[in-house]
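K.L.:
Attaching a single structure in structure tokens format; questions to follow.
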Amino acid sequence: NWSGSLIVASLTGAFGSSFLYGYNLSVVNAPAAYIKKFYNETWERRYGFSVDESTLTLLWSITVSIFAIGGLVGAIIVTPIAKFFGRKCTLLLNNVFAVTAALLMSLSLLAGSFEMLILGRVIMGVDAGISLSALPMYLSEISPKEIRGSLGQVTAIFICIGVFTGQVLGLPEIFGQESRWPFLFGAIVVPSLIQILILPFLPESPRYLLLEKHNTSKAEKAFQRFLGKDDVSHEIEEVLAESRVQRNTKLVSILQLLRMRAVRWQVITVVVTMGCYQLCGLNAIWYYTNNIFSEAGINHETIPYVTLSTGAVETLAAVFSGLVIERLGRRPLLIGGFGLMIVFFAVLTVSLTLQNTVHWLPYLSIFCILAIIASFCIGPGGIPFVLTGEFFQQSQRPAAFMIAGTVNWLSNFAVGLLFPFIQAGLQTYCFLVFAAICFAGATYLFFVLPETKHKTFHEISQAFAKRNKVTLEMQEMNHYPGERKSSAEQESNFTSSLDNGESKKGIV
């Protein structure tokens with residue numbers, strides 16, 4: 001049951017967050033030549049001579065890759081922000097970074113400063129790092145368990161829509177011209193302003209209100225808005241079952257989470273899935289796309305329009321995943337997605353190696369590119385974010401997303417740094433490296449990952465208890481060693497809070 005508030009919250013949250021991440025991945029591709037020309041003209045105006053080719057390449061590489069450094073910073077600082085301000089307010093405050101970055105990048109040409117563009121990319125990366133942790137956290141906490149996977153896929157869907165939008169706006173008829181490229185970066189303010197206007201009228205995460213702020217009255221109202229019904233006693237009681245373990249405990253730090261035996265395999269699984277998410281080779285696909293299209297005989301002026309097919313396939317595959325995830329489950333989509341990528345990477349390697357000998361093989365390469373993109377978006381493209389929100393208890397979740405975000409952005413940066421050397425050394429065989437990574441990830445997930453669809457957070461913890469070699473009772477004790485109150489004391493405290501008017505009497 002999708003209530004109006006749930007739909008608006010997910011769409012608005014994603015439009016001002018994950019959409020911008022996807023948009024900024026693709027937006028620099030179309031105006032690359034014009035931006036490099038701007039760098040050269042600025043250098044010549046300052047120093048009286050043109051910049052040499054190696055320095056220009058270095059400046060451009062920094063412009064593109066520094067986005068990941070900003071993302072790493074955002075992933076590191078998101079935990080204290082989300083704890084202090086809450087999930088919704090974190091998304092709102094994050095727009096300060098987006099608007100600041102948009103102004104710096106869009107005004108860089110007018111100011112004659114390429115440093116403004118680079119600084120704007122860093123700040124935009126911080127925005128992306130925060131949003132890719134805060135948004136899945138918010139969506140996982142406001143959704144019923146029956147649709148938690150579908151709602152979580154909204155993050156991936158809007159990343160794909162953002163990539164596609166960046167490709168469309170970069171066409172020569174729109175902003176893909178020398179005089180108009182700053183508008184590509186100025187457009188970032190539109191999703192941010194829409195989120196600022198709508199999100200304040202929606203509730204905060206009810207789980208955050210109940211478990212971290214201990215405000216039962218507001219939590220009940222938030223549940224009523226998001227679930228679209230008046231009687232939310234079952235949902236309140238379900239969360240309180242977790243609250244009895246976590247009430248009056250401190251937020252778990254990263255070091256504490258890493259030391260907890262009770263969540264050891266959850267942490268390892270998140271690290272593996274997030275690492276494979278970035279290292280599985282999709283960035284390499286984007287690198288090869290124009291070259292493969294050119295080898296297929298497509299006119300150079302037509303390539304930007306044909307490239308739109310990659311963004312369209314990506315978006316359709318993500319939407320398909322969101323529609324079927326609650327039927328098929330996380331496990332088949334994730335493992336199946338990696339499995340299909342292995343097959344198409346192998347075929348692509350053969351096709352690229354032999355394409356000069358057989359005239360129709362370049363078209364097979366195009367098909368493989370689209371198939372790899374679709375396979376990625378069906379599972380690996382969004383499910384890692386869903387799993388990170390599902391694996392951990394409330395007070396562990398911010399630290400878990402910080403770990404996931406750190407792995408995500410470090411892997412992103414590593415691909416950008418190492419791929420040119422891999423490609424130079426292995427040529428078309430570089431895709432076999434990514435096929436091996438996909439195989440390793442799929443094998444691990446086949447043996448370790450339990451199915452989490454339609455399960456409560458408590459049931460998911462039980463699924464990992466045996467592998468972590470702890471009983472459920474030990475698992476609960478190990479969540480917060482030395483800080484947990486007795487069950488009787490917690491019940492007494494909660495009853496007292498009800499008597500003091502924090503909630504309606506009929507909830508328990």
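The values are calculated or read from the model by the stated rules, or taken from the named source; none is laboratory data. Bear in mind the structure is a predicted one, so any value in this text is a computation, not a measurement. Note: ideal-geometry Cβ built from the backbone for every residue, glycine included; neighbour counts use all protein chains shown. Side chains are part of the model used for accessible areas, which takes the heavy atoms of the whole protein and leaves out ligands, DNA and RNA. Shrake-Rupley method; radii C 1.70, N 1.55, O 1.52, S 1.80 Å.
K.L.:
When you scan the stretch 296-309, do you find a residue that is among the charged types (D, E, K, R), modelled with pLDDT of 90 or more and more than 17 Å from the chain's Cα centre (by Cα), even just one?
P.N.:
Start the filter on the stretch 296-309 by keeping residues that are among the charged types (D, E, K, R), which leaves 301.
Applying the additional criterion that residues be modelled with pLDDT of 90 or more yields none.
No, the stretch 296-309 contains no residue that is among the charged types (D, E, K, R), modelled with pLDDT of 90 or more and more than 17 Å from the chain's Cα centre (by Cα).
K.L.:
Another question, if that's okay. Go through the stretch 192-217 and give me each residue that's open to solvent by 50 Å² or more (accessible area, probe 1.4 Å) and among the aliphatic types (A, V, I, L, M).
P.N.:
L193, I194, I196, L197, I198 - these are the residues of the stretch 192-217 that are open to solvent by 50 Å² or more (accessible area, probe 1.4 Å) and among the aliphatic types (A, V, I, L, M).
K.L.:
Please tell me if V347 is modelled with pLDDT of 90 or more and open to solvent by 30 Å² or more (accessible area, probe 1.4 Å).
P.N.:
Values: modelled with pLDDT of 90 or more: yes; open to solvent by 30 Å² or more (accessible area, probe 1.4 Å): yes.
In short, yes.
K.L.:
A follow-up question, please. Given the criterion open to solvent by less than 10 Å² (accessible area, probe 1.4 Å) and either in a helix (DSSP H, G or I) or over 30 Å from S140 (Cβ atoms) (or both), identify the matching residue among I372, I298, I342. Let's see the steps before the verdict.
P.N.:
On the way: I298 fails: open to solvent by less than 10 Å² (accessible area, probe 1.4 Å); I342 fails: open to solvent by less than 10 Å² (accessible area, probe 1.4 Å).
One residue alone meets the criteria, I372.
K.L.:
Just to be sure I understand the filter: pairs with C-beta atoms under 8 Å, separated by 6 or more residues or on different chains, first member in the stretch 423-452 and outside the structural domain of A465 (by the TED database), second member of a type in the set (D, E) and surrounded by 15 or more Cβ atoms within 10 Å (Cβ to Cβ). Which pairs pass?
P.N.:
none
K.L.:
Moving on. So which residues in the stretch 143-166 are over 21 Å from N95 (Cα atoms) and at pLDDT 90 or above?
P.N.:
Correct list: F164 only.
K.L.:
Additional query: Quick check on the stretch 391-398. Is at least one of its residues surrounded by fewer than 19 Cβ atoms within 10 Å (Cβ to Cβ) and either in a helix (DSSP H, G or I) or among the acidic types (D, E) (or both)?
P.N.:
Within the stretch 391-398, the first condition is being surrounded by fewer than 19 Cβ atoms within 10 Å (Cβ to Cβ), and the residues that meet it are none.
No: the stretch 391-398 contains no residue that is surrounded by fewer than 19 Cβ atoms within 10 Å (Cβ to Cβ) and either in a helix (DSSP H, G or I) or among the acidic types (D, E) (or both).
K.L.:
Which one of G71, G112 is at pLDDT below 95, more than 30 Å from S395 (Cβ to Cβ) and assigned by the TED database to the domain that holds P182? Show your work before the answer.
P.N.:
On the way: G71 fails: more than 30 Å from S395 (Cβ to Cβ).
Exactly one of G71, G112 is at pLDDT below 95, more than 30 Å from S395 (Cβ to Cβ) and assigned by the TED database to the domain that holds P182, namely G112.
K.L.:
Would you check which residues across the stretch 434-449 are hydrophobic (A, V, I, L, M, F, W, C) and surrounded by 19 or more Cβ atoms within 10 Å (Cβ to Cβ) and list them?
P.N.:
Answer for the stretch 434-449, where residues must be hydrophobic (A, V, I, L, M, F, W, C) and surrounded by 19 or more Cβ atoms within 10 Å (Cβ to Cβ): F434, A435, I437, C438, A442, L445, L449.
K.L.:
Report yes if some residue within the stretch 87-97 is assigned to a helix (DSSP H, G or I), without any contact (Cβ under 8 Å) to a residue 40 or more places away in the chain, under 26 Å from R207 (Cα atoms) and not assigned by the TED database to the domain that holds G379; otherwise report no.
P.N.:
The answer is yes, given that some residue of the stretch 87-97 is assigned to a helix (DSSP H, G or I), without any contact (Cβ under 8 Å) to a residue 40 or more places away in the chain, under 26 Å from R207 (Cα atoms) and not assigned by the TED database to the domain that holds G379.
K.L.:
Kindly provide the set of residues from the stretch 6-28 that are at pLDDT below 90 and surrounded by fewer than 20 Cβ atoms within 10 Å (Cβ to Cβ), ordered by number.
P.N.:
L25 - this is the single residue of the stretch 6-28 that is at pLDDT below 90 and surrounded by fewer than 20 Cβ atoms within 10 Å (Cβ to Cβ).
Let's see how each residue does on (1) in contact (Cβ under 8 Å) with a residue 60 or more places away in the chain; (2) more than 17 Å from the chain's Cα centre (by Cα); (3) buried (at least 17 other Cβ atoms within 10 Å of the Cβ):
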residue: A30; (1), (2), (3): yes, yes, yes
residue: A33; (1), (2), (3): no, yes, no
residue: E41; (1), (2), (3): no, yes, no
residue: Y47; (1), (2), (3): no, yes, no
residue: L59; (1), (2), (3): no, yes, yes
residue: I66; (1), (2), (3): no, yes, yes
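K.L.:
Given the stretch 1-86, what helices (runs of 4 or more DSSP H) lie entirely inside it while holding 2 or more residues that are at positive phi? Walk me through it before giving the result.
P.N.:
Working: elements: 4-15, 18-26, 32-47, 53-85.
Answer list for the stretch 1-86: none.
K.L.:
I would also like to ask the following. Applying the selection to the stretch 165-209, what residues are closer than 18 Å to S26 by Cβ and either of a type in the set (D, E, K, R) or not assigned by the TED database to the domain that holds S140 (or both)?
P.N.:
Within the stretch 165-209, E173, R180 meet the criteria.
K.L.:
Okay, next question. Would you say T155 is among the hydroxyl-bearing types (S, T, Y), open to solvent by 10 Å² or more (accessible area, probe 1.4 Å) and either in a helix (DSSP H, G or I) or in contact with a Phe, Trp or Tyr (Cβ under 7 Å, 6 or more places away or on another chain) (or both)?
P.N.:
Values: among the hydroxyl-bearing types (S, T, Y): yes; open to solvent by 10 Å² or more (accessible area, probe 1.4 Å): no; either in a helix (DSSP H, G or I) or in contact with a Phe, Trp or Tyr (Cβ under 7 Å, 6 or more places away or on another chain) (or both): yes.
No, not satisfied.
K.L.:
Within the bounds of the stretch 316-334, is there any residue that is under 30 Å from G152 (Cβ atoms) and in contact with a Phe, Trp or Tyr (Cβ under 7 Å, 6 or more places away or on another chain)? Quick ask: steps written out before the conclusion?
P.N.:
Step one: list which residues in the stretch 316-334 are under 30 Å from G152 (Cβ atoms), which gives 316-334.
If we keep only those that are in contact with a Phe, Trp or Tyr (Cβ under 7 Å, 6 or more places away or on another chain) too, we end up with none.
No; the residues of the stretch 316-334 include none that is under 30 Å from G152 (Cβ atoms) and in contact with a Phe, Trp or Tyr (Cβ under 7 Å, 6 or more places away or on another chain).
K.L.:
Scan the stretch 307-323 and tell me whether some residue there is without any contact (Cβ under 8 Å) to a residue 24 or more places away in the chain, surrounded by fewer than 16 Cβ atoms within 10 Å (Cβ to Cβ) and assigned to a helix (DSSP H, G or I).
P.N.:
We begin by selecting, within the stretch 307-323, every residue without any contact (Cβ under 8 Å) to a residue 24 or more places away in the chain; these are none.
No: zero hits.
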